[in-house]
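A.B. asks: Please see the structure below; I have some questions.
The values are calculated or read from the model by the stated rules, or taken from the named source; none is laboratory data. What you see is a predicted model, and the numbers here were worked out from it, not measured in a lab. FYI the Cβ positions are ideal-geometry reconstructions off the backbone, even for glycines, and counts take in every protein chain you see. In case anyone asks, the SASA skips ligands and DNA or RNA and just uses the protein heavy atoms, side chains included. Shrake-Rupley method; radii C 1.70, N 1.55, O 1.52, S 1.80 Å.
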Amino acid sequence: MDGITPELVNDMVIEWHKKGLKRNTIKNLVTTVSLIRGKAFGRGVIKYPKQLEAEGEAPFFTPAAMSSIIAKARNAKYCAFFATAAGTGMRSGELRGLRIGDIDLVNAIIHVRRSVWEGDEQSPKSKNGYRKIGIDPSLVQILKEYIDHRQMGYVFETRNGTSLSGANVVERELWPILDELKIPRCGLHAFRHGRVSFLVEN
């Protein structure tokens with residue numbers, strides 16, 4: 001443990017930065033190293049890289065792109081999934097953790113009460129993650145038709161009734177649509193960024 005010196009860790013920080021790790025991720029790794037070492041490094045001893053300004057804007061879908069993606073969905077489940085992502089800005093794990101009881105179609109409200117990670121339910125990302133989201137009439141109609149008479153279970157589930165895999169949704173459902181529409185591949189978070197951009201502009 002004595003070999004884990006500040007000099008060594010600073011070298012590791014440089015290597016992690018070169019590999020594209022974000023500043024917060026690097027800080028978390030240094031914290032883990034400190035725990036292994038048994039004592040923290042002094043204030044200012046570890047030199048963290050500045051966030052690169054050249055990273056560019058996070059990918060986001062325009063309203064037109066989101067409409068096209070929804071229209072290209074291969075079935076009602078993914079049409080409703082992408083429409084909910086676009087209409088609420090919910091995170092991937094929150095969408096996949098959504099249960100029938102979380103949706104109030106009468107009052108047009110979705111209650112965010114949980115998230116799913118690696119198939120396991122957990123709390124939302126932060127304390128503010130527990131929230132109510134108002135939805136517009138078009139999304140209410142899409143969800144009403146998709147949910148039909150179901151009374152329980154995940155809103156978006158597999159044939160076995162388990163939550164969807166985020167990776168499968170992206171790779172098997174979203175990416176083929178993006179390729180067809182000639183939109184650069186990205187993840188489900190682009191719906192969230194697109195929703196935020198739309199709200200800011202309006």
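A.B. asks: Restricting to region 154-193, and then to whatever is in contact with a helix residue (DSSP H, G or I) (Cβ under 6 Å, 6 or more places away or on another chain) and of a type in the set (Gly, Ala, Ser), can you tell me which residue is modelled with the highest pLDDT?
C.D. replies: Per the criteria, the residue is SER163.
A.B. asks: Taking region 124-152, which residues are in a loop (DSSP other than H, G, I, E, B) and open to solvent by less than 50 Å² (accessible area, probe 1.4 Å)?
C.D. replies: If the condition is that a residue be in a loop (DSSP other than H, G, I, E, B) and open to solvent by less than 50 Å² (accessible area, probe 1.4 Å), then PRO124, ILE135 are the ones that fit.
A.B. asks: May I pose another question? At pLDDT below 95, assigned to a helix (DSSP H, G or I) and small (Gly, Ala, Ser): is that true of ALA58 in this structure?
C.D. replies: Criteria not met by ALA58.
A.B. asks: Now, a different point. Those residues that are out of contact with any helix residue (DSSP H, G or I) (no Cβ under 7 Å at 6 or more places or on another chain), part of a strand (DSSP E or B) and more than 16 Å from GLY166 (Cβ to Cβ), I need them from region 88-123; list them, please.
C.D. replies: If the condition is that a residue be out of contact with any helix residue (DSSP H, G or I) (no Cβ under 7 Å at 6 or more places or on another chain), part of a strand (DSSP E or B) and more than 16 Å from GLY166 (Cβ to Cβ), then ARG99, ASP104, ILE109 are the ones that fit.
A.B. asks: Which residues, counting only those in region 80-121, are touching a residue at least 24 places away in the same chain (Cβ under 8 Å) and open to solvent by 40 Å² or more (accessible area, probe 1.4 Å)?
C.D. replies: Hits for region 80-121 are ARG91, ARG99, GLY101, LEU105, ILE109, TRP117, GLY119, GLU121.
A.B. asks: Still on this structure: Test each condition in (1) within 16 Å of the chain's Cα centre (by Cα); (2) open to solvent by less than 40 Å² (accessible area, probe 1.4 Å); (3) farther than 16 Å from ALA73 by Cβ for ARG185 and report the one that comes out false.
C.D. replies: (2)
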